[in-house]
Amino acid sequence: MINWIKHYWRILWKPSKHFSLAFLTVGGFIAGIMFWGGFNTGLELTNTEEFCISCHEMKNNVYQELRGTIHFNNRSGVRATCPDCHVPHEWTDKIARKMQASKEVWGKIFGTINTREKFESKRRELAEHEWKRLKANDSLECRNCHNFEYMDFTKQGQRAVNQHSTALASGEKTCIDCHKGIAHELPDMAGVEGW
């Protein structure tokens, strides 16, 4: 085995007898473009609502909840899809989130949430993971669409004005602190501080 590895290692570092340096450079460049194009295409295909709800766990649970919220149907016709709220828009943040989400695929593979009962038993744990993530990134996904600077406080209710202006002034709170359950049903919040 060691001799086999040494043999192929020498081949990799030996100058090419049959191809010019220019051919290898151009070929490597073209292969890189093809890899990058394929990688980005795959990344974007997994960043669609259709992909997210292709699992019956998502389609029959959280997607059905989303359909009844203002983020799905509203007077302006602007609709948030799964990736809008669960995947950052910036490339590096998106890659980090996709790597994090690859761990969540285990839930699909091993059937830990494949029934409504199993999903409900894990709902609070799943929600707390998302709340923690959103708290850590200052509700980045929310801020892709909602921004304090562009809010017209004169068109908000008094309670909303008080909360938003206080949050804006203090900088200590983020969207998820007050808006848990905005697009999905809340889990059992018994024992959670402030509920």
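We did not get these values from a lab; they are worked out from the coordinates using the rules stated. Computed from a prediction, not measured in an experiment: that's the story for all the values here. Don't worry about glycine lacking a Cβ; one is built from the backbone with ideal geometry, like all the others, and counts go over all protein chains shown.
General remarks:
- Mean Cβ neighbour count within 10 Å, used as a protection proxy, ranking 170-176, 17-23 highest first: 170-176, 17-23
- When the alpha carbon gyration tensor of region 1-120 is reduced to an equivalent ellipsoid, the three semi-axes, largest first, read 45, 21, 10 Å.
- Distance (nanometres) between label positions extended 7 Å along Cα→Cβ at Met99 and Gln163: 3.5
- Charge dipole (debye, nearest 20) of region 93-195; +1 at Cβ of Lys and Arg, -1 at Cβ of Asp and Glu: 360
- Qualifying aspartates and glutamates (Cα of each under 18 Å from Cα of Lys132; at least 8 residues distant if same chain): Asp84, Asp93, Glu104, Glu141, Glu172, Asp177, Glu185, Asp188, Glu193
- Chain lengthening between Ala136 and Lys155 when straightened (0.36 nm per residue, less Cα-Cα): 3.9 nm
- On Cα atoms only, tilt of 91-109 relative to the major axis of the chain in degrees: 90
- Added length on full extension, which subtracts the Cα-Cα distance from 0.36 nm per residue, Asn60 to Trp4: 15.0 nm
- Kirkwood Rh, Cα atoms: Rg over Rh of region 134-193: 0.98
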